[in-house]
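What follows is a single structure, written as structure tokens, with notes after it.
The values are calculated or read from the model by the stated rules, or taken from the named source; none is laboratory data. The structure presented is a predicted model; accordingly, all values stated were derived computationally and were not measured. Positions of Cβ are generated from backbone atoms using ideal geometry, with glycine treated the same way; all protein chains shown enter the neighbour counts.
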Amino acid sequence: GAGVSQSPSNKVTEKGKDVELRCDPISGHTALYWYRQRLGQGLEFLIYFQGNSAPDKSGLPSDRFSAERTGESVSTLTIQRTQQEDSAVYLCASSPHRGPYNEQFFGPGTRLTVL
Amino acid sequence: AQTVTQSQPEMSVQEAETVTLSCTYDTSESDYYLFWYKQPPSRQMILVIRQEAYKQQNATENRFSVNFQKAAKSFSLKISDSQLGDAAMYFCAPGGGADGLTFGKGTHLIIQP
């Protein structure tokens with residue numbers, strides 16, 4: 001079956017613009033995760049959803065970042081008034097269930113470049 | 001809260017040889033799992049192997065195996081018979097609770113033909 005998909009694959013934007021990054025999880029996966037990966041770094045956890053609920057938003061880097069999810073389907077990560085330090089690859093993952101034992105299936109990521 | 005240390009930014013191995021990637025971690029969770037993920041240049045994160053912390057037996061998946069030392073909080077990955085397709089970034093990640101995984105900074109594995 002289809003894996004996790006993300007769009008766009010690459011996004012170049014000007015400082016101060018808003019961007020929306022989309023994630024389509026594997027069908028039936030209830031848990032969805034967003035990560036940020038800066039150049040040469042590991043993945044930084046941003047937020048997770050159980051269904052369409054995000055219990056803890058403290059991982060979001062600033063109030064310019066927000067995320068939502070429609071049911072157990074697509075999720076959107078929005079970055080308002082982008083800054084150059086927002087440049088990174090944004091990865092989305094989904095998992096059949098919430099919990100530490102479940103494999104997370106990752107999408108190919110969106111590479112965001114803020115000029 | 002969890003922290004992860006991968007002390008080898010880069011490792012190089014000859015094709016068909018064996019290489020071990022190190023990882024140490026700290027966690028306040030009592031029930032947790034440990035994962036190794038591989039990230040080739042395509043950016044796609046791929047699960048390599050998973051270890052359940054309450055199990056003493058080390059996990060094995062074909063050419064990949066782990067050496068899990070719970071008391072030392074060490075979780076190294078051994079790749080036997082290295083192949084060119086193994087070249088990638090490797091990330092160690094403890095997982096506990098419902099939050100996302102905590103990743104180390106990764107080890108860049110180079111396979112010399």
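Here are some notes:
- Residue in the stretch B:71-87 that is β-branched (Val, Ile, Thr), farther than 24 Å from A:Arg36 by Cα and part of a loop (DSSP other than H, G, I, E, B) present: no
- On inspection, B:Thr27 qualifies as farther than 30 Å from A:Gln6 by Cα and surrounded by 14 or more Cβ atoms within 10 Å (Cβ to Cβ).
- The stretch B:10-24, residues that are of a type outside the set (S, T, N, Q) and either modelled with pLDDT under 95 or surrounded by 14 or more Cβ atoms within 10 Å (Cβ to Cβ) (or both): B:Met11, B:Val13, B:Val19, B:Leu21, B:Cys23
- Qualifying residues in the stretch B:8-36 (those that are within 14 Å of chain A (Cβ to nearest Cβ) and in a loop (DSSP other than H, G, I, E, B)) - the one farthest from B:Ala53 (Cα to Cα): B:Pro9
- A:Pro55 being modelled with pLDDT of 90 or more and either assigned to a strand (DSSP E or B) or of a type outside the set (Gly, Ala, Ser) (or both): no
- When A:Ala93, A:Ala67 are checked against the criterion of being within 14 Å of chain B (Cβ to nearest Cβ), part of a strand (DSSP E or B), among the hydrophobic types (A, V, I, L, M, F, W, C) and within 24 Å of B:Lys38 (Cβ to Cβ), a single residue qualifies: A:Ala93.
- Members of the stretch A:12-43 that are more than 20 Å from A:Pro96 (Cα to Cα), within 14 Å of chain B (Cβ to nearest Cβ) and surrounded by fewer than 18 Cβ atoms within 10 Å (Cβ to Cβ): A:Arg38, A:Leu39, A:Gly40, A:Gln41
- Of the criteria (1) without any contact (Cβ under 8 Å) to a residue 60 or more places away in the chain; (2) on the phi > 0 side of the Ramachandran plot, which one A:Gly28 fails: (1)
- Any chance B:Ser82 is surrounded by 15 or more Cβ atoms within 10 Å (Cβ to Cβ) and modelled with pLDDT of 95 or more: yes
- Test: residue in the stretch A:80-89 that is among the hydrophobic types (A, V, I, L, M, F, W, C), in a strand (DSSP E or B), more than 10 Å from chain B (Cβ to nearest Cβ) and under 11 Å from the mean Cα position of the chain (by Cα): no
- Just one of the listed residues (B:Lys55, B:Lys70) is more than 10 Å from chain A (Cβ to nearest Cβ), of a type in the set (Lys, Arg), within 23 Å of A:Gly99 (Cα to Cα) and surrounded by 12 or more Cβ atoms within 10 Å (Cβ to Cβ), namely B:Lys70.
- Output for the stretch B:47-75, where each listed residue is under 27 Å from A:Val89 (Cα atoms) and without any contact (Cβ under 8 Å) to a residue 24 or more places away in the chain: B:Leu47, B:Arg50
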